[in-house]
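Trainee: Below: one structure in structure tokens.
The values are calculated or read from the model by the stated rules, or taken from the named source; none is laboratory data. Please read these numbers as outputs of a predicted model, since none were measured by experiment. For neighbour counting, all protein chains shown are included, and Cβ atoms are generated from backbone atoms with ideal geometry for every residue, glycine included. Each accessible area value is taken on the protein alone, full model and side chains, heavy atoms only, with ligands, DNA and RNA left out. Shrake-Rupley method; radii C 1.70, N 1.55, O 1.52, S 1.80 Å.
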Amino acid sequence: MQSQIVDTAQIEQNNHQAASVDHHEAHPDHRLFGLVVFLIAEGMIFLGMFGAYLAFRSMLPVWPPTGTPELELLLPGVNTIILISSSFVMHKGDTAIKKNDVKGMRTWLAITAAMGAIFLMGQVYEYTHLEFGLTTNLFASSFYVLTGFHGLHVTIGVLAILAVLWRSRTPGHYSDHKHFGIEAAELYWHFVDVIWIILFGLLYLL
């Protein structure tokens, strides 16, 4: 009788597991697809802003307008190196969790967040030392809008990484089979880096 009860419990457990698998197959995870769609939408916004900047540039005979102080390249150049390097650091965190190395993942993501914070501090420092303001001319307005909007995205990315680190405090929250939050933060961070490379080329090099 006891053996029959055990067999019945085992059958119910197997049926429950099979139902969970069927439910998962019937309702696939579309979160990554949703994130990609969101990033495409954000990319369209930046694309429109890049287009407007290039249109302004083509309409004026002199760009930047006469009297605009020249931008320094040293600090933005260092900032660019930091941000690009942080993408590789972030990827190492994703690689670590796929090996079930939670400690390594936390370390790499903490370094990434710190690099993002350094980038933002460098941007604030640059703002405080620029010799033109938001309303000085069309170039100045475009500069602040483009870099400020990108800075907002970097801030969101740093907060997302910190949220992942906070949630990783729960044992088993992230593993080699469950790591969407880390992948999402990494994809967003790569997006932020690519946008900055384009911005740096448009604003500082062209």
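Trainee: In nanometres, what is the gap between the two model label sites at ALA163 and LYS99, each 7 Å from Cα along Cα-to-Cβ?
Mentor: About 2.8 nm separates the two model spin labels.
Trainee: With a 1.4 Å probe and all protein chains left in place, how much of the accessible area of the stretch 150-199 comes from carbon and sulfur atoms, in whole percent?
Mentor: On the way: 1650 of 2340 Å².
So the carbon and sulfur contribution to the accessible surface is 71 percent.
Trainee: Given a Förster distance of 25 angstrom, what is the FRET efficiency for THR155 paired with LEU47, based on the Cβ-Cβ distance and rounded to 0.05?
Mentor: Details: r = 21 Å, r/R0 = 0.84.
Rounded to the nearest 0.05, the efficiency is 0.75.
Trainee: Something else now. For the stretch 108-206, which trypsin sites (Lys or Arg not before Pro) are in a loop by DSSP, counting at most 14 other Cβ atoms within 10 Å? All intermediate terms of the calculation are to be shown ahead of the outcome.
Mentor: Numbers: sites: ARG167, ARG169, LYS178; in loops: ARG169, LYS178.
Of the trypsin sites (Lys or Arg not before Pro), the ones in loops of the stretch 108-206 whose Cβ has at most 14 other Cβ atoms within 10 Å are ARG169, LYS178.
Trainee: If R₀ is 25 angstrom, what is the calculated FRET efficiency for the pair ILE198 and VAL62, using the beta carbon separation as r and rounding to 0.05?
Mentor: It comes to 0.60.
Trainee: Sticking with this structure for a sec: Here are several values of Rg and Dmax of the Cα atoms in Å: (i) 19.4, 72; (ii) 16.6, 56; (iii) 23.7, 95. Which one was derived from the coordinates shown?
Mentor: Label of the calculated value: (iii).
Trainee: By how many nm would the segment from HIS173 to LYS92 lengthen if fully extended, with 0.36 nm per residue of separation less the alpha-carbon distance?
Mentor: 27.3 nm
Trainee: Next question, about the same structure. Taking the Cα centre as origin and putting +1 on Lys and Arg beta-carbons and -1 on Asp and Glu beta-carbons, what dipole magnitude results for the chain, to the nearest 20 debye? Working shown, then result.
Mentor: Values: 10 positive and 16 negative charges, 65 e Å.
The dipole of the chain has a size of about 320 debye.
Trainee: Between MET121 and VAL37, what's the calculated FRET efficiency when r is the beta-carbon distance and R0 is 25 Å? Round to 0.05. All intermediate terms of the calculation are to be shown ahead of the outcome.
Mentor: Working: r = 32 Å, r/R0 = 1.28.
With a Förster radius of 25 Å, E is 0.20.
Trainee: Before I look further, what does the chain give for accessible area per residue, probe 1.4 Å, in whole square angstrom? Each step should come with its number before you reach the end.
Mentor: Values: 12200 Å² over 206 residues.
Using a 1.4 Å probe on heavy atoms only, each residue of the chain averages 59 Å².
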